[in-house]
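Just so you know, all these numbers are worked out from the coordinates, no wet-lab data involved. Remember, predicted model here, so these are calculated numbers, not experimental data. FYI the Cβ positions are ideal-geometry reconstructions off the backbone, even for glycines, and counts take in every protein chain you see.
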């Protein structure tokens, strides 16, 4: 009888191994086969596309005369260092024209062999699925038994939490932590602790747990195993344990409860990742542990090979010919960059040669951009006496001559880009310094220099005249 059971089990395993749809904890049975669309940079002429579409039989790379038309390899295989395994069947495919924003594309669609519908195989796969989930749950709980008798702690602000495996989760206020000491937080005896959840079975020795002949703990028949679930989120599977029978909540008048999630993390020791209150007096705790990483069900899922649908833009024969010439030119430039640079220099020199004069060649002025020296005739004496422009904007006669004052109007001052208020303040200052003597205010403009405003008092020598303003907006009161 034992030999017959082994033979039947071996037959089932062999049939499932031959079936490509054998259950995996990560498989979505309705999501296969999977495809990816690749838009190739290469082009194809409209005549070649029409020829491929007209073929009744699927295109094959071994067909004569179609090698350069159907030489479309999967971009995924090119990018990966290790090419994905080729299917056992010959590489066959069909062609379809797809219009994207009015532009035609020729798409090569691979022919993927799908397994035939077999109710017997599906029932066997569902049975294997149930067994796989039960086995992974049992194995995960066995792996976590190494935490038995130990507690994990987590501090979040004023609150501290302790999770004692196979016991309970407690929330409490801790005593002041002493800096430099690595020790668990201690509960303040003057505050009340809150139990967030308890394991729903009576503690007993692990030797009393009922085990199956294969060494696994019997989850269904053992009273010492809590309710466990195998859940997944974002492609990651984790074990869920729910605890209830906590301290009565003042707001809901119901016992507090907590859900504990055990996640595989090979780079960390056993620790609590975070705790949060999802609803009133209902909590969630995430525990990271490397203990689950030895079970394949908790490892990240492997990427399944996708089948590539490669699309190329369809253009006219002339456009394809021009594109081929451009591609050849780019290849020559990449192969001989020095030749390309020399051609660019020659073209630039030809463009700069105008009327026998090479513009920008640096023959008359060096590339170091040295400044040309200023001619000797460009001196202050010549500028001060010959090229200066002087305009009087205010003047006053001496008291002996009548003391008449003349000032340019505001409109005239604005034409000279002068502020009337500034000129008025300067007039008062000059008149105060001149007292009973005559005075005048001049604007002196010298090419290449800043415009000056001078206040001159009669009877002073030219050396005594000081510049009240070199900045037009803020006059200087040195007179």
Residue order, fewest to most surrounding Cβ atoms within 10 angstrom, among 313, 422: 422, 313
Fewest-first ordering of 95, 274 by Cβ atoms within 10 Å yields 274, 95
If packing is taken as the average number of other Cβ atoms within 10 Å across a peptide's residues, how do 169-175, 190-196, 247-253 rank, most packed first? 169-175, 190-196, 247-253
Quick one: what Rg and Dmax do you get for the range 388-464 from the alpha carbons, in Å? 12.8, 40
Two-site FRET efficiency, residue 148 against residue 126, from Cβ-Cβ distance with R₀ of 45 Å, rounded to 0.05: 0.85
Sorted by Cβ neighbour density within 10 Å, fewest at the top, the residues 46, 421: 421, 46
